[in-house]
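I have placed the structure first, in the form of structure tokens, so that the comments after it can refer back to it.
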Amino acid sequence: MNKNTATVGDYMVRDIQWVTPNMTVMEVKDKIIKSNFHGFPIVENRYLLGYVTAKELLNHIDRPDARIREVMRRGTICAVPTMSIDDATRILFRYGLRNLPIVDEEKRIIGIISNIDVVRSQIEKSKPEKVQSVKKFLESQNNIHLKEVNEEVEISKILPTQKEVFMDELIGRQYELKRGLNEPLILIKRRDGYIVVDGHHRVMAAKRMNMRTFNAVVLVPDDMDVRLGLERTAEKWGLRTLDDVNVIEGAKHPFMEITTMLLPKEDAAELNERLVQSSKANPHMAP
């Protein structure tokens, strides 16, 4: 396997919740209801025995005191941490699964990967063509050469080049960050910090969550004294720090407008309100 290929181990969630075979149908039902999950691995002494879903529990709802051991289906589809994300995606797709338990060589559970994690693995990659397009444009416009590096950049050193962001999109981005979606920023290295080329809503959401750093693709010029057009625009707008960016609360970001365009207005408003309430419930929750 190509050493650069993303693996299940790179994206699996290690803080796993599970049920035991000695729990009752009622106890597992209550656990599912109180969670955001559609089911749980069945684990005993850290060994994976099976997987129970809400749909399967319905078959035994008339036996609320029955132990899961008595009603469970033995075995489940699982994966190992060295499996590629592409292969895990195929398994989830082919078998219509939401979650895939991850086990070690002894069949002990060590993680879980969901279809959300698979989506995250794809979005999180700044598309090479996008970075290359930005790089090529800046090089031709400024007669410089840019080196591409990956860095964890301190948010306090990031300088904006966009004067406005939308509140609803900020809240949406905070929700994504809490779920572990960390799509890298695209930044340009300067002597006094890093200017944003792509990712204003992401970095502003991270700042609101008190995150200290953010993963970024950083373009480093061979001549740090050349003033870029983005810098001149930011200076014209009086943008010196992220605090200078105006947050628009009265209008919807085009993404939300498009996403909810087929919903009645009250449903779209309710959807947005759920994101707002989720953000308020855990305002500083880091991914």
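Points to keep in mind about this one:
- Residue-by-residue Karplus 3J(HN,Hα) for region 210-219, coefficients 6.51, -1.76, 1.60, Hz, glycine and proline x: 6, 6, 9, 9, 8, 6, 8, 8, 9, 9
- Hydrodynamic radius of region 82-233 per Kirkwood, over alpha carbon pairs, in Å: 17.5 Å
- Most fluctuating residue given options Phe40, Phe137, Phe214, as computed from a GNM of the chain linking Cα atoms under 10 Å: Phe137
- Alpha carbon convex hull of region 8-121, volume per residue in cubic angstrom: 95 Å³
- Among complete DSSP H helices in the chain, those whose alpha-carbon atoms stretch at least 15 Å along the helix's long axis and whose mean Kyte-Doolittle hydropathy reaches -1.0 are 167-178.
- The peptide list 224-232, 101-109, put in order of mean Cβ contacts within 10 Å with the highest first, becomes 101-109, 224-232.
- Gyration tensor (alpha-carbon) shape descriptor, the chain, a/c threshold 1.5: prolate
Rule-based calculations on the coordinates, nothing more; no lab input. Since the model is a prediction, treat every value here as computed from it, not as a measurement. Because the Cβ atoms are built from the backbone with ideal geometry, glycine has one as well, and the counts that use them run over all protein chains shown.
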